[in-house]
Amino acid sequence: MLQLEDVHTRYGNIEALKGVSVEVRQGEIVTIIGSNGAGKSTLLMTICGSPQAAAGRILLNGEDITRTAPYDIVHLGISQAPEGRRIFARMSVLENLQMGSVPSGGRHFEEDVQKVFTLFPRLKERINQRGGTLSGGEQQMLCIGRALMARPRLLLLDEPSLGIAPILVRQIFNAIVEINKEQGLTILLVEQNAFQALKIAHRAYVLSTGRVVMEGAGRELLANPEVRAAYLEGGQKEVA
Amino acid sequence: MPSAVSKQALPAALKDAAIAAIVAFILFLPIIGMQLQPGSGGLDVNFRLPLVLIGAAIVFVGRLLLGLLGSRRRAPRAGPSIMERVAAGVAANGRWLGLVGILFALTMPFMPFSNRYVVDVGTTVLIYVMLGWGLNIVVGLAGLLDLGYVAFYAVGAYSFALLGTTAGMGFWYCLPLAGLLAAMFGLLLGFPVLRLRGDYLAIVTLGFGEIIRIVLLNWTNVTNGPNGISGIPRPSFFGLDFARSPEPGTTAFHQYFGIPYSGEQRVIYLYFLILLLALITNFFVIRIRRLPIGRAWEALREDEIACKALGINPTNTKLTAFALGAMFGGFAGAFFATRQGFVSPESFTFIESAIILAIVVLGGMGSQIGVVLAAIIIVLLPELGRDFAQYRMLIFGAAMVGIMIWRPRGLLAHRSPTVLLHPKGGPRPADVPPSVKEAGA
């Protein structure tokens, strides 16, 4: 579905991605793990076209989207729940969801809102509350819900567990699995919380200083001693 | 209980008051402390140290009282403040308040207390209300800080002045043209500032406003420079002029209706004209807030990156905000020109931009009724203060500082959601009025 071929991304003189090739197939959950500064978020941002890749190609269903403007990429079926959630703080939960329905033209608004509320019942309770007054976990739910409102074919999630209470992290990861299983939505997930992310992933990549250093099935990587040493034993303690 | 609080707060308040007194002393030294007097061989400086000390003492006592009272007030209060509730109430009953306001505005010229002066002031208030509503699109909704809004007002005024005096076109033909020209200038300003936000944007718009004014001042061939343009055609009522003795072959308003001539007729007509224009602006802004483009403005104000991630084109969104805001400024400008019959660059200085921006900010960003309230305060306060002669600007300034201390986010800063969920078959969310209060806020 989505292919990155030898993608390089630069911020000025700093090369954040040094030739990354990643593939996401229809119906999969693909996880990218890596430590701080490995280029995980840059990878997602590059797919969205901001910043654009300096070299290499990004293909969506065979179509080259490397040079497509960020706001047009959403219309091609890639939706992003950006890092740091970026909720519209002064707008209500429902208005936030409505902003997400811009690409789908708002035709299925009510139906899609109900779907989001089934997925995250917590949002329904807060329907007219301002986005900025929600807790971190609720904001993350709203962020994912907002991205789903665009009726994407591919959902990009940037660290959905960042700064969120463990119980809500579990809820959010359950929801991600549910979207994938029931709606057949393809998901590309970027995470520092490697344990949770690898558990739900069909396939995974390990990113380190701008390069893919390892790839394989989610379970495989979860069992891999190197991965455990680098991202799990230490990482898990941090999370718990 | 109060004594305990003040005992704790006293040293801090004393220190605070002392600092304020020292600052005041330094400031007053040249302002009050030195008086120029004609003396032998030119001007002599008369030092008035006692006055400065008295001034500093007043500041000290005032600041001390403020500090002591303020510390007592800072105790956490239960529930929202009175103004908070008023703001929420206004937002919830906006429709009724708006209706009452419109009714009052419609009947105002015929009220017993009304006279030419009152209607004239009412017209000025309405001009600022309209400008405030126009700027509200740019600043309140789209969150683009524009310090040069008066430029569009000037473009509208001069386009009508020039078209009216040279091409002999009437007000009603020129009004849409003035709006269109102003909108084009809005785009002109919009393009270079697309990537700017906040302070940087403010500086560029400030410069833009000054450029327009300086061009008007110096392009003598076209604009007649500082002398301005006079003899601008007055508006007609469906082709009927408001003149005592109309040109041969035309009928004047008073002749057609068979009533005696009165100078007030035109004043009242102008009042209703700006009322109509302002209401059109308001209606437009309220409607557009519920359309995708209006929501996109608000979303852009909140978070530009999130907007991009949601497929909103920030370029188009910003440009439409600039263009539409400018368009209403242009309409108001055309009205201003026809009302005064004379325009000169002096009417379009930075202070006008500042006043319009103050109206939007004082009213509460994005609040339509807040703009009306703030426009009334800002226009009426200096008018009411005329009895106090040289102190009126002082009172005006103090009132503005007071409002910002009391209501830092504006008089009526309260936002109701523009979308509510309805069961299937009900009205579409876009058509639902924002009548339900925000829960919990």
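Bear in mind these aren't lab numbers, they're just calculated from the coordinates by the rules spelled out. Everything numeric in this text was worked out from a predicted model, so none of it was measured. Ideal geometry is used to build each Cβ from the backbone, glycine not excepted, and the neighbour counts take in all protein chains shown.
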Quote the charge dipole size of the protein assembly as shown about the Cα centre in Debye, to the nearest 20; the model charges only the Cβ of Lys and Arg (+1) and of Asp and Glu (-1).
-> 1400
Would you mind counting up the charge near A:GLY136? Only other residues with Cβ under 14 Å from its Cβ, with Lys and Arg at +1 and Asp and Glu at -1.
-> +1
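So for each of B:193-202, A:163-172 I average, over its residues, the number of other beta carbons within 10 Å; can you give me the resulting order with the highest mean first?
On the way: B:193-202: 14.0, A:163-172: 15.6.
Answer by packing, highest mean first, reads A:163-172, B:193-202.
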Within chain A, helix-based [θ] at 222 nm, where runs of 4 or more DSSP H residues each add -39,500 (n - 2.57), nearest 500 = -10500 deg cm²/dmol
Have a look at B:ILE280, B:ILE54, B:ILE211 and tell me which one the Gaussian network model of chain B (Cα, springs below 10 Å) gives the largest fluctuation.
-> B:ILE54
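Let me check I've understood the local charge: for B:PHE171, count other residues with C-beta under 14 angstrom from its C-beta, Lys and Arg +1, Asp and Glu -1. What total comes out? Can you show the working numbers first?
Details: positive: B:ARG234, B:ARG266, B:ARG339; negative: B:ASP241.
It works out to a net charge of +2.
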Taking θ as phi - 60°, what are the ³J(HN,Hα) couplings along segment A:50-57 by the Karplus curve (6.51, -1.76, 1.60), each to the nearest whole Hz, with x for Gly and Pro?
-> 9, x, 7, 5, 7, 8, x, 10
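Quick one: dipole size for segment A:1-121, taken about the Cα centre, charges +1 on Lys/Arg Cβ and -1 on Asp/Glu Cβ, in debye to the nearest 20. Write out the running numbers ahead of the final one.
Working: 11 positive and 13 negative charges, 70 e Å.
The dipole magnitude comes to about 340 debye.
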Using modelled amide H (1.01 Å from N, peptide plane; none on Pro or chain starts), what sits under 5 Å from the amide H of A:ARG211, excluding residues fewer than 5 places away?
-> A:LYS18
Could the peptides A:81-87, B:212-218 be put in order, highest first, of the mean number of other beta-carbon atoms found within 10 Å of their residues?
-> A:81-87, B:212-218
Given H placed 1.01 Å from N in the peptide plane, which residues other than close sequence neighbours of B:LEU411 have an amide H under 5 Å from its amide H?
-> B:GLY363, B:GLY364
Roughly what would the spin-label model give for B:MET83 and B:PHE110, points 7 Å off Cα along C-beta, in nm?
-> 3.7
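Taking square-rooted eigenvalues a ≥ b ≥ c of the alpha carbon gyration tensor, is the protein assembly as shown rounded, prolate or oblate, where a/c under 1.5 means rounded and, failing that, a/b exceeding b/c means prolate?
Working: a/c = 2.12, a/b = 1.60, b/c = 1.32.
Prolate shape, in that a/c is at least 1.5 and a/b is the bigger ratio.
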Can you give the mean number of other chain Cβ atoms that lie within 10 Å of the Cβ atoms in peptide B:296-304?
-> 5
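Where does chain B land at 222 nm, in deg cm²/dmol rounded to the nearest 500, when only DSSP H runs of n ≥ 4 count, each adding -39500 (n - 2.57), divided by all residues? Don't skip to the answer; put the middle values down first.
On the way: 17 runs with 282 residues, N = 441.
After summing the helix terms and dividing by residue count, I get -21500 deg cm²/dmol.
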Counting DSSP beta bridges in the protein assembly as shown, what percent are antiparallel, to the nearest 5?
-> 60
When ranked by the protection proxy of mean other Cβ atoms within 10 Å per residue, highest first, what sequence do the peptides B:106-119, A:187-200, A:129-142, A:212-225 form?
-> A:187-200, A:129-142, A:212-225, B:106-119
If amide H atoms are built 1.01 Å from N in the plane of the peptide, which residues on other chains or at least 5 residues away come under 5 Å of the amide H of A:GLN80?
-> A:LEU156
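Could you pull out the pairs from A:LYS199/B:LYS308; A:LYS40/A:LYS199; A:LYS115/A:LYS199; A:LYS18/B:LYS308; A:LYS40/B:LYS318; A:LYS124/B:LYS318 whose alpha carbons sit more than 27 Å apart here? List each step's numbers first, then the result.
Details: A:LYS199/B:LYS308 31 Å; A:LYS40/A:LYS199 18 Å; A:LYS115/A:LYS199 25 Å; A:LYS18/B:LYS308 25 Å; A:LYS40/B:LYS318 31 Å; A:LYS124/B:LYS318 32 Å.
Going by Cα-Cα distance, A:LYS199/B:LYS308; A:LYS40/B:LYS318; A:LYS124/B:LYS318 fall outside the 27 Å limit.
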Local electrostatic count, A:GLY77, Cβ distance below 12 Å [Lys/Arg +1, Asp/Glu -1] | 0
For segment A:129-169, list residues with backbone N below 17 Å from a point placed 7 Å from the Cα of A:LYS181 toward its Cβ?
-> none
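On full extension of the chain, what length is gained from B:LEU66 through B:PHE396, given 0.36 nm per residue of separation minus the C-alpha to C-alpha distance?
Working: separation 330, 0.36 × 330 = 118.80 nm, distance 1.99 nm.
Going from the current span to full extension adds 116.8 nm.
In which sequence would B:MET184, B:MET365 go, from the one with the fewest C-beta neighbours within 10 Å to the one with the most? Could you put the intermediate results ahead of the total?
Numbers: B:MET184 15, B:MET365 21.
With the sparsest Cβ surroundings first, the list reads B:MET184, B:MET365.
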What residue among A:LEU142, A:VAL113, A:ILE87 has its Cα farthest toward the positive end of the dipole of segment A:86-152, where the charges are +1 on Lys, Arg and -1 on Asp, Glu, each on the Cβ?
-> A:ILE87
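Let me know the shape class of chain A, please: from the alpha-carbon gyration tensor, a ≥ b ≥ c as square roots of the eigenvalues, rounded when a/c is under 1.5, otherwise prolate if a/b is greater than b/c, or oblate.
Here chain A falls in the oblate category.
Take the alpha carbon gyration tensor of chain B, find the square roots of its eigenvalues, order them as a ≥ b ≥ c, and report rounded if a/c is under 1.5; if not, report prolate when a/b exceeds b/c, else oblate.
Values: a/c = 1.66, a/b = 1.21, b/c = 1.37.
Here chain B falls in the oblate category.
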Lys/Arg Cβ at +1, Asp/Glu Cβ at -1, dipole of the protein assembly as shown taken about the Cα centre: which of B:PRO246, B:PRO314, B:ILE137 is farthest positive-ward?
-> B:ILE137
Whole-Hz Karplus couplings 3J(HN,Hα) for segment B:180-197, θ = phi - 60° and coefficients 6.51, -1.76, 1.60, Gly and Pro as x, run 5, 4, 4, 4, 5, 5, x, 5, 4, 6, x, 4, x, 9, 4, 8, 9, 9
In order through segment A:185-202: 3J(HN,Hα) via Karplus (6.51 cos²θ - 1.76 cosθ + 1.60), integer Hz, x for Gly, Pro | 7, 7, 10, 10, 10, 10, 8, 9, 6, 4, 4, 4, 5, 5, 4, 9, 7, 6
Taking the simple approach of a point 7 Å from Cα along Cα-to-Cβ for both A:ASP72 and B:SER230, what is their distance in nm?
-> 5.7
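Could you work out the mean count of beta carbons from other protein chains within 10 Å of each residue's beta carbon in A:139-150? Could the numbers behind the result be given before it?
Working: counts 0, 0, 0, 0, 2, 0, 0, 3, 2, 0, 1, 3.
Mean partner shielding for this stretch: 1.
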